[in-house]
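The values are calculated or read from the model by the stated rules, or taken from the named source; none is laboratory data. What you see is a predicted model; the values in this text were computed from it and never measured. FYI the Cβ positions are ideal-geometry reconstructions off the backbone, even for glycines, and counts take in every protein chain you see.
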Protein chains: 2
Amino acid sequence: MDNLQININVNPDIYLRDPSSSELGRKITSVSIVLINELGFEKFTFKKLGEKIGSPESSIYRYFENKHTLLVYLISWYWGWVEYKLVFTTNNINSPHKKLATAIKILTQPITIDNSFSHIDEVLLGQIIISESTKVYHIKDVEKANKKGYFEVYKSVVQRVSDMVLAVNSKFEFPHMLVSTVIEGVQQQRYFVKYLPKLTDVKQDADNVSEFYNQLVFKVIE
Amino acid sequence: MDNLQININVNPDIYLRDPSSSELGRKITSVSIVLINELGFEKFTFKKLGEKIGSPESSIYRYFENKHTLLVYLISWYWGWVEYKLVFTTNNINSPHKKLATAIKILTQPITIDNSFSHIDEVLLGQIIISESTKVYHIKDVEKANKKGYFEVYKSVVQRVSDMVLAVNSKFEFPHMLVSTVIEGVQQQRYFVKYLPKLTDVKQDADNVSEFYNQLVFKVIE
DNA sequence: CAAATATGATAGTAATACTATTATCTTTGC
DNA sequence: GCAAAGATAATAGTATTACTATCATATTTG
């Protein structure tokens, strides 16, 4: 995964102009990651982003319809990146049990630096996933957004891991429910550890979250 | 639970004037539940609410600082109501296993009509919990909101059920993580069933969600 | 090197999220 | 029964947000 310079494909219906194809576009995505972290998504505006990158907001509107689709783009990029790691890492594992365990690890462990994509800070983007990702589908127009394919990559990740669950136990009835519970749960718990510790169980330094969900998956399907 | 006319206590720091204490206040909460469902929280405004109840927005601002704290109120009321049902129903159960199973049922089963609180439509409020509740703590000022006690009732519910988990298995290490995963997971999955079915496993008419989380809890802690 | 395309600079608009003021209406306390 | 206190209505006003529009100037590309 070091310095291969691959590209993550994002559904073109999400953007008006491909932000990875120009200097300004790359600035929009990379600086928005910083700014959304700084301000939170609600306080984040295209005007503030424009000021920070030295471009008028009207130029940003040529890339994204609005700040919401920019968030859809970032989150879609993230899951494309996770999917890439997932496929890459589990590809050559034969044992279904080991394969699933590796997948769960990738989904639950804290994000570390990845130098393959110079303009995206994956660690910061991981923070956005933790803090803001549910906002992307908790909207009045979910159905429209879903039809446009905004959540395809995410669904694809859930599908892949669900298949791995079935490879371990083909009779398990709720693979998608289990996997989406785990994926959403991890983000949730990392948020709770940081801001609402009474809703979780934090033990000094140990990565309980990853451990908990790993145990949970195998206990539930066996 | 039929027609006892009890009151759910909501932390007074959440509101400026107690909405349950006046006609206008009760109209604000009951009509906001309808309107938030209709418009989604983002499109919901005090102006629109004012038009619907025939009062100026300035009057609504005397009850709540902003629409966000109104949502905090509604969600806090909901968890107060759930806590009441939880305590009431599990109180006289001796077997720890049965007690926990009953609690999980209350947390996971679909909401049904409750006539004890005339001005609150619990079923509609349950829809708000499913669609909008994560927005209440996914904000830049979580820590401030948390210090003000906005999430105390919710934490109290998690604590109560965590204690029931420990009563079944005192050595289980992650009771809070398990319980908050279940509570959040249920809402999540009900949302997915409705809008993003590929992320879950829907089987005709059966209440899989409740069944799934019930199984999950006991498999994980045993 | 002309034509197409992208960006910058600037302006404008309706809606949102409030705050402020004053008049009226309704309680409640004596 | 009435004055004082408190709540609500009516109205106005403001900064910010979330855009859209226009035109000039760069930059790319065929």
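Which residues, counting only those in the stretch A:168-222, are hydroxyl-bearing (Ser, Thr, Tyr), more than 8 Å from every other protein chain (Cβ to nearest Cβ) and assigned to a helix (DSSP H, G or I)?
A:Ser210, A:Tyr213
Looking at the stretch B:127-160, which of the residues that are closer than 22 Å to B:Asn214 by Cβ and either outside any helix (DSSP H, G or I) or in contact with a Ser or Thr (Cβ under 9 Å, 6 or more places away or on another chain) (or both) is farthest from the other protein chains (Cβ to nearest Cβ)?
Among those residues, the one meeting the criterion is B:Arg160.
Which of the numbered conditions does B:Asp114 fail, given that it passes all the others? Conditions: (1) crowded, with 23+ Cβ neighbours inside 10 Å; (2) farther than 17 Å from A:Phe174 by Cα; (3) of a type outside the set (Phe, Trp, Tyr).
Unmet condition: (1).
Only one residue in A:Thr89, A:Thr102 is more than 14 Å from every other protein chain (Cβ to nearest Cβ), over 30 Å from A:Tyr195 (Cα atoms), away from DNA strand D (no atom under 16 Å from the Cβ) and of a type outside the set (Gly, Ala, Ser), so which one is that?
A:Thr89
Report yes if A:Ser95 is more than 21 Å from B:Ser133 (Cα to Cα), at pLDDT below 95 and more than 14 Å from chain B (Cβ to nearest Cβ), otherwise no.
In short, no.
Kindly indicate whether B:Glu57 is among the acidic types (Asp, Glu) and in contact with a helix residue (DSSP H, G or I) (Cβ under 8 Å, 6 or more places away or on another chain).
Criteria met by B:Glu57.
Only one of A:Ile104, A:Ile75, A:Ile60, A:Ile93 is surrounded by 18 or more Cβ atoms within 10 Å (Cβ to Cβ), among the β-branched types (Val, Ile, Thr) and under 15 Å from A:Arg160 (Cβ atoms); which?
Unique residue meeting the criteria: A:Ile104.
If you check B:Glu42 against the conditions, is it more than 14 Å from chain A (Cβ to nearest Cβ), modelled with pLDDT of 95 or more and within 13 Å of DNA strand C (Cβ to nearest atom)?
no
Can you name every residue in the stretch A:149-169 that is surrounded by fewer than 21 Cβ atoms within 10 Å (Cβ to Cβ) and polar (S, T, N, Q)?
A:Ser156, A:Gln159, A:Asn169
Can you pull out the residues in the stretch B:60-105 that are touching a Lys or Arg at 6+ places or on another chain (Cβ under 8 Å) and over 20 Å from B:Lys144 (Cβ atoms)?
Correct list: B:Arg62, B:Tyr63, B:Glu83, B:Leu86, B:Val87, B:Thr90, B:Ile93, B:Ala103.
Rundown of residues vs (1) within 16 Å of DNA strand C (Cβ to nearest atom); (2) out of contact with any helix residue (DSSP H, G or I) (no Cβ under 8 Å at 6 or more places or on another chain); (3) within 21 Å of B:Ile129 (Cβ to Cβ); (4) within 14 Å of another protein chain (Cβ to nearest Cβ), yes/no style:
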| residue | (1), (2), (3), (4) |
| --- | --- |
| B:Leu16 | yes, yes, no, no |
| B:Ser20 | yes, no, yes, no |
| B:Leu35 | yes, no, yes, yes |
| B:Glu38 | yes, yes, yes, yes |
| B:Lys47 | yes, no, no, no |
| B:Ile53 | yes, no, no, no |
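Restricting attention to the stretch A:55-75, which residues are over 23 Å from the mean Cα position of the chain (by Cα) and either within 8 Å of DNA strand C (Cβ to nearest atom) or among the β-branched types (Val, Ile, Thr) (or both)?
Hits for the stretch A:55-75 are A:Ser55, A:Pro56, A:Glu57, A:Ser58, A:Ser59, A:Arg62.
Going by the conditions given, is A:Ile111 assigned to a loop (DSSP other than H, G, I, E, B) and either without any contact (Cβ under 8 Å) to a residue 12 or more places away in the chain or among the hydrophobic types (A, V, I, L, M, F, W, C) (or both)?
Judged against the criteria, A:Ile111 is a match.
From the residues in the stretch A:39-55 that are surrounded by fewer than 16 Cβ atoms within 10 Å (Cβ to Cβ) and within 19 Å of A:Val136 (Cβ to Cβ), which one is farthest from DNA strand D (Cβ to nearest atom)?
A:Leu39
Yes/no per residue for (1) in contact with a Pro (Cβ under 9 Å, 6 or more places away or on another chain); (2) more than 14 Å from DNA strand D (Cβ to nearest atom); (3) acidic (Asp, Glu); (4) closer than 28 Å to A:Ser156 by Cβ:
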residue: A:Gly25; (1), (2), (3), (4): yes, no, no, yes
residue: A:Leu35; (1), (2), (3), (4): no, no, no, no
residue: A:Ser59; (1), (2), (3), (4): no, no, no, no
residue: A:Asn66; (1), (2), (3), (4): no, no, no, yes
residue: A:Val72; (1), (2), (3), (4): no, no, no, yes
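Scanning for something among the polar types (S, T, N, Q), away from DNA strand D (no atom under 16 Å from the Cβ) and surrounded by 13 or more Cβ atoms within 10 Å (Cβ to Cβ), does the stretch B:120-130 turn up at least one residue?
Within the stretch B:120-130, one or more residues are among the polar types (S, T, N, Q), away from DNA strand D (no atom under 16 Å from the Cβ) and surrounded by 13 or more Cβ atoms within 10 Å (Cβ to Cβ).
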